[in-house]
Amino acid sequence: MSGVFVSTTINGDSVEFSCAADEPLLDVLRNRLGMTGSKEGCGTGDCGACSVTVNGRLVCSCLVLGAEVGGATIETIEGMADGDVLHPLQKNFISHAALQCGICTPGFLIAAKALLDKNPDPSEEEIRFGLAGNLCRCTGYDKIVRAVQATSKEMRGA
Amino acid sequence: MVEVHLWGALRPLAGGALSVNIEAKNIRELFKKLANEYPGTEPHIKRGVAVSINGKIYRDNWDTELPENAEIYLLPRIPGG
Amino acid sequence: MRYEAPDNMKSAVTMLAKEQGAAFVLAGGTDLLVKMKAGMIEPDLVVDIKKIKGIAEIKKTATGFRIGAAVPGVALSENAALVKAWPGIVEGANLIGSKQIQGRCTMAGNLCNGSPAADGVPALIAAKAKVVVSGPKGKRTVAVEDIPVSPGRTSLKKGEIVEAILLPKRPPKSSDAYLRFIPRTEMDIAVVSAAVNLTLDAKGVVKDARVALGAVAPTIVVVPAAAHALIGSKLDAESLEKLAAACSAACHPIDDKRGTIEFRTKVAGVLARRAAEIAYRRAGGKI
Amino acid sequence: MPLDTSYVQKTLKQVGTRPLRPDGLDKVTGRARFGADYNAPGQLIALVLRSPHPHARIRKIDTSKAEKLAGVKAIITSADLPDLTNGDRNMRDMLENCMARKKVLYDGHAVAAVAAIDVTTARKALKLIKVDYEILPHVTDVDEALKPSAPVIHDDVFTDGVEPKPTKPSNNNKRASFGHGDVAQGFREADVVVEHSFKTEQTHQGYIEPHSCVANVSPDGTGELWVCTQGHFVYRNQCAALLGMDISRLRVTASEIGGGFGGKTHIWTEPVALALSRKANRPVKLTMSREEVFRCSGPTSSTSIDMKIGAKKDGTITAAHGVLRYHGGAFPATWAEFGAMTAFACYDLKNVKSDSIEVIVNRPKTAAYRAPSAPMAAFAVESVMDELARKIGMDPVDFRIKNAAKEGTKSSYGPVYGPIGIGATLEAAKNHPHMKAPLGKNQGRGMACGFWFNFGGQTCTDINVTPDGTVTVAVGTIDVGGSRASIGLIVAEELGIPYDHVRVVIADTSTLGHNDMTDGSRGTFSTTMACVAASRNVVKELGKRAAKMWDIPEDAVVWEDGHAKPAGSNAGNFPPLSIREIAAGAGNTGGPIAGHNEMVADGAGVSFATHICDIEVDPETGRSSVKRYTVIQDAGKAVHPTYVEGQYQGGAVQGIGWALNEEYIYGKDGRLQNAGFLDYRIPVCSDLPFIDTMILEIPNPNHPYGVRGVGETSIVPPLATVANAMSNATGVRMTHIPMSPPRVLKAIDALKKH
């Protein structure tokens, strides 16, 4: 096993780590960097619980190698709030009860933010398809969609 | 004296009876006497049963009282998800 | 396992060619990492091609489009000219996985994975797309349908890498469409799929057509009889029925966890008919 | 003094409002710690070797090569988990399920486990373990397993519940019957009889968080376990029993739980992790992969049900009879019994009989799944009900209203009902705008009813008033979906203090008495009941302290709006004392102020629901999509209505997934073919519309606030609701769940050919 040394930027901080060549970014975040906010629900890109952005692109961190992210800019759930000020999505997920058990919540928040960054005024259908890569088994998605709608409205000042 | 209705799986162990009459004031006495008269029922009861008393479903807490002439059903302990 | 990320194609090819053990190309990794996780493969070497110059670019050329092997799905839909010329190809590629997968997956990877159910490939085949392959003996250009040979296997030789996909230039009044059947609305592998590529004459009569079906055989199937059914028609009911029948007749699928022989055979015809109608309208035809 | 648990109507200030949940912030920032988020210093990583065969005798397990691999610290097989169960069949089955003994009984059954310094080493070690199997014939289908030619999975299982007891072992471990009246006579009185056979495929709870735990056993015999579970006390008791530990020496801390729905009511790998830790003398972390979750945790039963109901032309049901076959996976269980008990519970029937047949197959050990066994039975009953209504020419809602159970009805499982809500949900459905909305092309509408028992059980709780007058509540029931908010509301209401002055935490097993699991929809029902009692103990103590501060008799103090007040002018003229003031002086008045309660919470109150669904079907592909869905359910009292809605919506969507696309697919080789979220197709966001909810509040007479369990009933009607909608859209009765597109298309095409 050849280890790889990687310098990268996570949530605005310069971070360096060594990892195994075949180690997914998710494992690096969770096991080497102590950032357990990204969750492993499947490890095969089917549940979205490990969603992060790499260079602005929404990805499943279980399907990215740690070795690949040298020089990249990574955003995870741990960097979503601005200090003690929650992102409007985080605030609305709580107030709309868009979570029950909460295991899928970090992934949904990252995916929803990526959606709104690209499309500030999505239709219900666009929200539903935009979040189709994130599985939730508790809520039936109803309150998640409503929380994203409310956030979109709030952020547009509508 | 209360009439205790048995669920299907207990009936063969009580000689096929749908119900049995037992002199019992609370669940503890009920279990004791049932085990004495129909030893085959004891393992079922030990595994955990539910006792319906006048339509309200109880677990197997001994102290629960059985009012005279109450409608009593022994039911399997209900699981949940 | 070793991880290498060379900045030029020659080095990448050399690394792959020289490796004694199991060597794999990494572009988007959305199939490769899943197979690694499942223990289906145990690479000794993974060569990440994303650092190679120009490999993540879409270029409009004199002969059409050149799509680099590392262009992620999401970037295809962001290229307006490509979407206008080849909407079916883009919609096929955009159906691969979720938004998260779209941030990584590539058409070239989808092709080299060798699955007959690949969403990105039938429309490429219907388009008569080609790929540029780099290898130890230099570059060669191959038709897309000649890459997969059976489920999970390709015709690529040791050290060869698909470098880019080439799409031909469009005649006027041409368009394409891709439809797949999945039980859910997202996140499934195609149970059966159909791509239709059409060119119309000034009167709206189909003058050229090509139809490809996915997940109905060990490789993606081109159905000339289906194209014949459309050519010369304005997509009247009869020609569409013939198209559907030709498609169903060309199927030799399997029963598996995703669908039955009976289901795939019937639905292949239905999807081809619907895709033909979409492509026809996109090409400017009126039904 | 024991709590009077009777419902008392009163004006509520906080219960019924919708404050923010206390754990929300941690969960939106990634700080909340779930099962796999725990790590212990020096921990090893464990992996489990699992059988590729559905049924085989283990001739030999050779671990010698793996043991020599550098970095491997412990390997265990069943030899390291001796049978200490002393004739308790349930516990023995649990042990055998955790680690196969003489035989493997299903694809994925554990045969050995490794703890190593990292996952790579553990993976290598698994490959070095050689197991010599003698492959045996297998059976995975519930009907096939009952045939005389089927391979018998346990040679010590003889059918219970038949007299005389059979002398030959079989895969049918138990039979039972429920009902009353004379069914044969009832069918003779019927004008119309409808009879169908139904099948439902096996589904999984599909929680997003795989099972995970960290075990740490010390050489002195004490142990700690961090684990995601629905019941850490139960896990503690069972693990301690299987490992031969004193229960008090094992301390279990529950993590936040990433979904359970019944699947985390059972131990799977926890005893294995503890045994590895004991052997390696180091902490061991064991996390299931998603594939393992599907292959070897506890999905629900697949079923085969024969259903027959007869009615008079005026719509009166004269007789109903069901035969229900459910499997428990590779071990004896009683899931069919619960299907048989719930099947006809919605109706007032003169002649009714349901027979349960329990089946053993080569599949993983079945666990509870949200209202376990009820959805499949409801599917069969409600499908036949719809068919019967159609044949009689009655509106399906009116037909159900005519036959609905009510207070005083003798239920099909025996007891006579108290006040219940089935009639109210049906009336609400009848008058719901959804029922009158126009339908589009290829669309159909269906409705159906469902029932679930709910239960209470053992509960223990502590309330402590801190020196600044805010309050901590320690409960032992896992919060699966917002119960900490509901408990906080009840305690705030009882004490008359603000909701945000109450902090609810889930205590570990060493700091509180035994609590049953969060299952059976008991979390909020039973915990709030115990918290009401504990709060009243606190109030009593606060009154005592105020009396001391004022130097007046205890009974001259009343508690109102979070303050002690003199009971009347005779008691003295003192300004009210706040909880804060009393708490500040606690050191002078008798020490810390606390309230405690332990009880067996009984009388959870049965609950009913009626669902309505519109579905659109593509007649050329069999693909369907749910266009509109409405849930109407009795909650007794919705303590936090938002989270009650959440339970309704979540249960409905799990049911929709089950109805349409979710199923375990076993190959002829007995191996599970779709052990992942790619091909085990749970609904995604874009598959669904908003799920409308209507909360009815028919107070439960057995809870001080009228609360009933609400968590499970919502999954009971959807299979039937969607099937009825599908049948109305396509014109063909669907009898096989899930109604996947190939099945629907086949049914449509068969209808066309007729």
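Quick look at the values:
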item	result
Residue that is farthest from the other protein chains (Cβ to nearest Cβ), among those in segment B:27-53 that are surrounded by fewer than 14 Cβ atoms within 10 Å (Cβ to Cβ) and modelled with pLDDT of 90 or more	B:36
Subset tally (residues that are out of contact with any Ser or Thr (no Cβ under 7 Å at 6 or more places or on another chain), farther than 19 Å from residue D:64 by Cβ, without any contact (Cβ under 8 Å) to a residue 60 or more places away in the chain and charged (D, E, K, R)) for segment D:91-131	2
Options C:175, C:248, C:239, C:233; residue that is modelled with pLDDT of 95 or more, more than 30 Å from residue D:688 (Cβ to Cβ) and part of a loop (DSSP other than H, G, I, E, B)	C:233
Any hit, segment A:105-124, residues being open to solvent by 10 Å² or more (accessible area, probe 1.4 Å), part of a loop (DSSP other than H, G, I, E, B), in contact with a His (Cβ under 6 Å, 6 or more places away or on another chain) and not small (Gly, Ala, Ser)	no
Boolean, residue D:509 is within 43 Å of the chain's Cα centre (by Cα), within 14 Å of chain B (Cβ to nearest Cβ) and in contact (Cβ under 8 Å) with a residue 12 or more places away in the chain	no
Filter result (over 17 Å from residue D:565 (Cβ atoms) and out of contact with any Asp or Glu (no Cβ under 9 Å at 6 or more places or on another chain)) within segment D:575-588	D:586, D:587, D:588
Residues (over 17 Å from residue C:157 (Cα atoms), free of Cβ contacts under 8 Å to residues at least 60 places away in the same chain and either touching a His at 6+ places or on another chain (Cβ under 9 Å) or open to solvent by less than 20 Å² (accessible area, probe 1.4 Å) (or both)) located in segment C:2-31	C:6
In segment D:565-591, the residues that are open to solvent by 40 Å² or more (accessible area, probe 1.4 Å) and of a type outside the set (Gly, Ala, Ser)	D:565, D:570, D:573, D:574, D:575, D:576, D:580, D:581, D:588
Residue ID - nearest to residue D:738 (Cα to Cα), chosen from residues in segment C:231-287 that are of a type in the set (Val, Ile, Thr) and open to solvent by 40 Å² or more (accessible area, probe 1.4 Å)	C:260
Selection count, segment C:64-103, where residues are within 14 Å of chain A (Cβ to nearest Cβ) and open to solvent by less than 30 Å² (accessible area, probe 1.4 Å)	14
Filter result for residue D:653 (facing another protein chain (nearest Cβ under 8 Å), crowded, with 22+ Cβ neighbours inside 10 Å and closer than 28 Å to residue D:421 by Cα)	yes
Residue list for segment C:200-230, filter: out of contact with any strand residue (DSSP E or B) (no Cβ under 9 Å at 6 or more places or on another chain) and closer than 19 Å to residue C:180 by Cα	C:217
Residue count for segment D:12-54, restricted to those that are within 11 Å of another protein chain (Cβ to nearest Cβ) and either among the charged types (D, E, K, R) or part of a helix (DSSP H, G or I) (or both)	13
Residue tally, condition open to solvent by 90 Å² or more (accessible area, probe 1.4 Å) and either part of a strand (DSSP E or B) or of a type in the set (Ser, Thr, Tyr) (or both), over segment C:142-157	1
Output for segment D:708-734, where each listed residue is of a type in the set (Val, Ile, Thr), out of contact with any strand residue (DSSP E or B) (no Cβ under 6 Å at 6 or more places or on another chain), buried (at least 24 other Cβ atoms within 10 Å of the Cβ) and at pLDDT 95 or above	D:715
Residue within segment C:252-269 that is touching a strand residue (DSSP E or B) at 6+ places or on another chain (Cβ under 8 Å), free of Cβ contacts under 8 Å to residues at least 60 places away in the same chain and either over 24 Å from residue C:144 (Cα atoms) or not in a helix (DSSP H, G or I) (or both) present	no
Which numbered condition residue D:594 fails, given (1) open to solvent by less than 30 Å² (accessible area, probe 1.4 Å); (2) within 30 Å of residue D:556 (Cβ to Cβ); (3) in a strand (DSSP E or B)	(1)
Positions within segment D:382-437 being among the basic types (Lys, Arg) and open to solvent by 10 Å² or more (accessible area, probe 1.4 Å), in sequence order	D:390, D:391, D:402, D:406, D:410, D:430, D:436
Pair list, Cβ under 8 Å, 6 or more apart: segment B:1-24 residue within 13 Å of residue B:41 (Cβ to Cβ) and more than 11 Å from chain D (Cβ to nearest Cβ), other residue among the basic types (Lys, Arg) and surrounded by 14 or more Cβ atoms within 10 Å (Cβ to Cβ)	B:17/B:11; B:22/B:33
Which listed residue is surrounded by fewer than 24 Cβ atoms within 10 Å (Cβ to Cβ), under 27 Å from residue A:99 (Cα atoms) and not aliphatic (A, V, I, L, M), from D:470, D:477	D:470
Strands (runs of 3 or more DSSP E) contained in segment A:1-91 and holding at least 3 residues modelled with pLDDT under 95 and either farther than 22 Å from residue A:108 by Cβ or within 7 Å of another protein chain (Cβ to nearest Cβ) (or both)	none
Segment D:209-219, subset in a loop (DSSP other than H, G, I, E, B) and surrounded by 18 or more Cβ atoms within 10 Å (Cβ to Cβ), residue nearest to the other protein chains (Cβ to nearest Cβ)	D:209
Members of segment D:387-417 that are assigned to a helix (DSSP H, G or I), in contact with a strand residue (DSSP E or B) (Cβ under 7 Å, 6 or more places away or on another chain) and of a type outside the set (A, V, I, L, M)	D:387, D:391, D:396, D:400, D:403
Test: residue in segment D:529-549 that is more than 24 Å from residue D:577 (Cα to Cα) and either touching an Asp or Glu at 6+ places or on another chain (Cβ under 6 Å) or part of a helix (DSSP H, G or I) (or both)	yes
Filter pass, residue D:682 being outside any helix (DSSP H, G or I) and closer than 17 Å to residue D:300 by Cβ	yes
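Each row is one residue, and each column tells you yes or no for (1) over 24 Å from residue D:520 (Cα atoms); (2) modelled with pLDDT of 95 or more; (3) open to solvent by less than 10 Å² (accessible area, probe 1.4 Å); (4) of a type in the set (Gly, Ala, Ser).
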| residue | (1), (2), (3), (4) |
| --- | --- |
| D:154 | yes, yes, no, no |
| D:169 | yes, yes, no, no |
| D:182 | yes, yes, no, no |
| D:189 | yes, yes, no, no |
| D:192 | yes, yes, no, no |
| D:203 | no, yes, yes, no |
| D:207 | no, yes, yes, no |
| D:221 | yes, no, no, yes |
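The values are calculated or read from the model by the stated rules, or taken from the named source; none is laboratory data. Bear in mind the structure is a predicted one, so any value in this text is a computation, not a measurement. All Cβ positions, glycine included, derive from the backbone under ideal geometry; neighbour counts span all protein chains shown. Heavy atoms of the whole protein, side chains included, go into the accessibility calculation; ligands, DNA and RNA do not. Shrake-Rupley method; radii C 1.70, N 1.55, O 1.52, S 1.80 Å.
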